[in-house]
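Below is one structure, written out as structure tokens; comments come after it.
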Amino acid sequence: MSAREGGCACGAVRYRLASDPLFVHCCHCLNCQRQTGSAFVINLLIEADRVELLAGDPQPVDVPREDGSAQTIFRCPACQVAVFSTYTRPEIRFVRGGTLDEPAGVAPDVHIFTRSKLPWVEIPPSRPEFEVYYDQRALWPAASRERLARLIA
Ligand SMILES: [Zn+2]
Ligand SMILES: [Zn+2]
């Protein structure tokens, strides 16, 4: 167990992660590039009830994706920094790694959608990478798979 805290730029939103994440994605897809205005996003996947809000009330914004679906991104109502998002399962939050007080405290467990990775981004050979997505059952540690099973039971 390690307490991990973070928040938005203005300080109105503060959160604490109650445990380590299930898994950490570095996503190089075009949606994440556009949403962040950057090369990729770092997402800490964690149970929604393990994201404890210490201050503020992040507001959901439905953001269109290329496939026509929407991704719900939660933003600070004051400074509009995105702190986490959800995809198809609201029980799992994707906490944005750059909002941690110590972003260096996490590293990606997997790199995904490398088909649109920018050519100057070099992935360490020790990290698995996938052109598109990957098989969670094959890659997630047993403890994380058990947590996911409990969550969706
Ligand atoms: Zn803010
Ligand atoms: Zn993505």
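The values are calculated or read from the model by the stated rules, or taken from the named source; none is laboratory data. As the structure is a computational prediction, the values presented were derived from the model and not from experiment. As a convention, Cβ positions derive from the backbone with ideal geometry for all residues, glycine included, and neighbour counts pool all protein chains shown. The accessibility values were calculated without ligands, DNA or RNA, using every heavy atom of the protein model including side chains. Shrake-Rupley method; radii C 1.70, N 1.55, O 1.52, S 1.80 Å.
Things to note:
- In region 93-135, the residues that are closer than 21 Å to GLN71 by Cα, outside any loop (DSSP other than H, G, I, E, B) and more than 15 Å from the chain's Cα centre (by Cα): THR114, ARG115, SER116
- Filtered residues of region 74-113 (kept if within 14 Å of ligand 1 (Cβ to nearest atom), open to solvent by less than 30 Å² (accessible area, probe 1.4 Å) and not charged (D, E, K, R)): CYS76, ALA82, VAL83, PHE84, THR99
- Residue check for ARG137: without any contact (Cβ under 8 Å) to a residue 12 or more places away in the chain and of a type in the set (D, E, K, R): yes
- PRO64 being open to solvent by 50 Å² or more (accessible area, probe 1.4 Å) and at pLDDT below 95: yes
- Region 8-34, residues that are farther than 23 Å from HIS111 by Cα and either open to solvent by less than 10 Å² (accessible area, probe 1.4 Å) or within 16 Å of ligand 2 (Cβ to nearest atom) (or both): VAL13, TYR15
- Options PRO90, PRO77; residue that is part of a loop (DSSP other than H, G, I, E, B), farther than 19 Å from ILE42 by Cβ and modelled with pLDDT of 95 or more: PRO77
- The C-beta contact set for region 40-55 (first residue modelled with pLDDT of 95 or more and open to solvent by less than 30 Å² (accessible area, probe 1.4 Å), second residue charged (D, E, K, R) and in a loop (DSSP other than H, G, I, E, B), distance under 7 angstrom, 6+ apart or interchain) comprises GLU47/GLU91; ALA48/GLU91.
- Elements of type strands (runs of 3 or more DSSP E) in region 1-59, at least 2 residues being within 16 Å of ligand 1 (Cβ to nearest atom): 4-7, 14-17, 51-55
- Residue among ARG65, ARG16 that is among the basic types (Lys, Arg) and touching an Asp or Glu at 6+ places or on another chain (Cβ under 6 Å): ARG16
- Scanning region 114-141 for residues that are of a type in the set (D, E, K, R) and surrounded by fewer than 11 Cβ atoms within 10 Å (Cβ to Cβ) gives GLU122, ASP135, ARG137.
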